[in-house]
Amino acid sequence: MSARQTSFLFDLDGTLVDSVYQHVLAWHEALESEGIALSVWRLHRRIGMSGGLFTDKLLRETGLDLEPDRIELLRARHAEAYNRISARIRPLPGAREVLAYLSGAGIPWAIATSGRIETAGPVIDNLGVDRAKVPVITRDMVAHAKPDPDLFLAAAEALGEPIQSACVVGDSVWDMLAARRAGALGVGLLSGGYGEDELFKASAYRVYADPADLLEHIEEVGGRR
């Protein structure tokens, strides 16, 4: 860990807000609307990727071949289904508190999500994050989403902080892989449904239950006042 002050780069879904299964069900609805039958558990394993990579990977696994226009239609139908229920999504325990702690301590932080602004924006607003003051990097702002490092690199750049002293907080293996490729420290949370062993194998430095548990141990990952 660098002697520089640590910055924190947060994933959104499953990390700050309890939205993973809403995304799963929205993708399930979108796929079924196109006559594509996939088990819910397969969908969960890919949450955290961008929509395009998500569909590419799942369709490759099932042997289906879809034209780009149909893949874009699936993405749009997922967004429509998700936005119908996103108002009911709540912050995870400790999410607002850990962000308030960092702000109060003068520790820089940002949000980097594989979601596009059309789905992520309302959820971030409901979390109480002022997008005029806090850098928010969404899928439509970078060339590639997780497990590529682009989102976290852009978030660190927006903060004016070196990625090498950043702590990436996420709930999925895709977050941890992207953090490693970016050169940041990965901290995993169990609140998105991935197991502790999976997160450690994907290069997590520490794993905590949820944002509240992270806040209790914030000094372990550089969150000093």
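Here are a few things to note about the model shown:
- Subset of region 100-120 [in a loop (DSSP other than H, G, I, E, B) and closer than 15 Å to V142 by Cα]: T113, S114, G115, R116
- Across region 78-94, the qualifying residues are those that are among the basic types (K, R) and assigned to a helix (DSSP H, G or I), and the one among them that is nearest to T6 (Cα to Cα) is R88.
- Qualifying residue in region 155-170 (condition: buried (at least 22 other Cβ atoms within 10 Å of the Cβ), closer than 22 Å to Y208 by Cα, small (G, A, S) and at pLDDT below 95): no
- L190, sole failed condition from (1) touching an Asp or Glu at 6+ places or on another chain (Cβ under 7 Å); (2) crowded, with 20+ Cβ neighbours inside 10 Å; (3) not hydroxyl-bearing (S, T, Y): (2)
- Checking D56 against (1) closer than 25 Å to G121 by Cα; (2) at pLDDT 80 or above; (3) surrounded by fewer than 17 Cβ atoms within 10 Å (Cβ to Cβ); (4) touching a helix residue (DSSP H, G or I) at 6+ places or on another chain (Cβ under 9 Å), the condition it does not meet: (2)
- Members of region 121-154 that are crowded, with 22+ Cβ neighbours inside 10 Å, free of Cβ contacts under 8 Å to residues at least 40 places away in the same chain and part of a helix (DSSP H, G or I): L151
- So E97, is it in a helix (DSSP H, G or I), charged (D, E, K, R) and under 16 Å from the mean Cα position of the chain (by Cα): no
- Scanning region 156-194 for residues that are outside any helix (DSSP H, G or I) and farther than 20 Å from A95 by Cα yields G160, E161, P162, G183, A184.
- Restricting attention to region 5-46 and to residues that are aromatic (F, W, Y) and under 30 Å from G223 (Cβ atoms), the residue that is nearest to the chain's Cα centre (by Cα) turns out to be F10.
The values are calculated or read from the model by the stated rules, or taken from the named source; none is laboratory data. Keep in mind that what you see is a predicted model, and the values were worked out from it rather than measured. Because the Cβ atoms are built from the backbone with ideal geometry, glycine has one as well, and the counts that use them run over all protein chains shown.
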